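Here is the structure we will look at.
A short reminder: the numbers here are calculations on the coordinates, not readings from a lab. Owing to the predicted nature of the structure, the values given are computational and were not obtained by experimental measurement. Positions of Cβ are backbone-derived with ideal geometry, glycine not excepted, and every protein chain shown enters the neighbour counts.
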Amino acid sequence: MTEEQKAAYIMSQSVCAMIEALGMMSDNQQRIYRGESIAYPSKSFNDLIEEYGIHNNATIGLFHQ
């Protein structure tokens, strides 16, 4: 992969994580509105970073291949 392709890959993974996080936030808000407990605690949001490989070590590692 070229440097530009690597950057585009990281951006696309970040967008995917953001879309999923927004859905999770929406679900949480809906549950709060109904007086229910949230479905996604903060750990669930943090796990997205690992799941999509957008944490510091992963992104730096991609550019050092």
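Things worth noting here:
- Beta carbons closer than 7 Å, at least 6 apart along the sequence or on distinct chains, pair a first residue in segment 29-50 that is of a type outside the set (Gly, Ala, Ser) with a second that is part of a loop (DSSP other than H, G, I, E, B) for ARG31/SER37; ARG31/ILE38; ARG31/ALA39; ILE32/ILE38; ILE49/HIS55.
- Matching entry among ILE60, ILE38 (being in a loop (DSSP other than H, G, I, E, B), out of contact with any Gly (no Cβ under 8 Å at 6 or more places or on another chain) and of a type in the set (A, V, I, L, M, F, W, C)): ILE38
- Residues of segment 1-15 that turn out to be in contact (Cβ under 8 Å) with a residue 24 or more places away in the chain and surrounded by 14 or more Cβ atoms within 10 Å (Cβ to Cβ), as a count: 5
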